[in-house]
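Written below as structure tokens is the structure these notes are about.
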């Protein structure tokens, strides 16, 4: 008499999501009690509110009702934000991993190809194998800061576009005075609104008892103003998602990539730029000021410039160092010390000298 084989019970279910501007690929991964991993279903949805609703209905249709389902996605640009807020509003447990974390995991699986479908499967498997922390939504104040800082950037871009057009028309043959007048009015309005937004940013930070002292301390660094610091903090949600400096560097696109293959291909190193462009934009002009007025950043700039001969590469190194300084001061509630690097070098030299002195002291046998 043949016995019917019983199906192993599913103990964990996770949906991997690879999201882009227009749509997102999903992969429903399962783990049974025997440790077997398998894909239950895959599908593509539009990156719109109606697409999110269809995605939620699809999950409910595929899931085991009495077992929690988690969603894992990657923090790529800003495209994931609407979906993760939607899922959180509807009671789903979502985990957002940083690009360097998912990249390292994909490398461990020896995945040589990279497509949306493969990434969705990889993220689904990552969520099955790892106990990932639940995503935490930004506070209303952080969301306000993010909207204000991005609105300021939009206004600056609009002003630049209009100014360029005005310059072109102004130097053309027989320019229309009405067009020039309206353009000047629009530039004047943009300048007025930029000032208003900057005041709102400052007011928002001053009203927060936790943020205000942290930001004030960071702003003691010459070149780092309140708008720059507010942008960094808003874009990283107060560094809530980061546990290391390397994660922050990768998220911001300052991680180094190199194209090298044996002796046939020797490419130059460069930053990946596969990260939050708002952070890199915010640090561009402050880096130039910091090189002028902060000795440790000036030394870094000169060292990189001497080695590479490329000014932009040296300024990028300064931007990266500035970002890590903001992160350290914010996380540790530290007071900025402009002489920290010099004091550190002096301390290291003193330690080396003290070790050297101990080494040349006569031994007990030599004294006897």
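Bear in mind these aren't lab numbers, they're just calculated from the coordinates by the rules spelled out. Small disclaimer: the values here were computed from a predicted structure and weren't measured. Don't worry about glycine lacking a Cβ; one is built from the backbone with ideal geometry, like all the others, and counts go over all protein chains shown.
Here are the numbers for the structure shown:
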quantity	calculated
The chain: relative contact order in percent, alpha carbon pairs under 8 Å with at least 6 residues between	12
Tail fraction, Cα-Cα pairs, the stretch 122-207, threshold 16 Å, whole percent	67
Part-to-part distance (alpha-carbon centres) for the stretch 79-135 and the stretch 32-76, which is given in Å	12
Antiparallel DSSP beta bridges within the chain, as percent of all bridges there, nearest 5	70
Of all DSSP beta bridges in the stretch 10-129, antiparallel share, percent nearest 5	65
Neighbour-count order for 111, 329, fewest beta carbons within 10 angstrom listed first	111, 329
Sorted by Cβ density within 10 Å, fewest first, the residues 108, 334, 102	108, 334, 102
Fully extended contour minus Cα-Cα distance, from residue 46 to residue 34, at 0.36 nm per residue	0.8 nm
Length added when fully stretched, residue 117-residue 192, from 0.36 nm per residue minus Cα-Cα	22.3 nm
Projected-area mean, the chain, by convex hull of Cα positions, square nanometres	34.7
Simple spin-label estimate for residue 284 and residue 164 in nanometres, 7 Å along Cα-Cβ	1.1
Potential extension, residue 209-residue 332 segment - 0.36 nm per residue separation minus Cα distance	42.7 nm
Order of 56, 122, 290 - criterion: other Cβ atoms within 10 Å of each residue's Cβ, fewest first	56, 122, 290
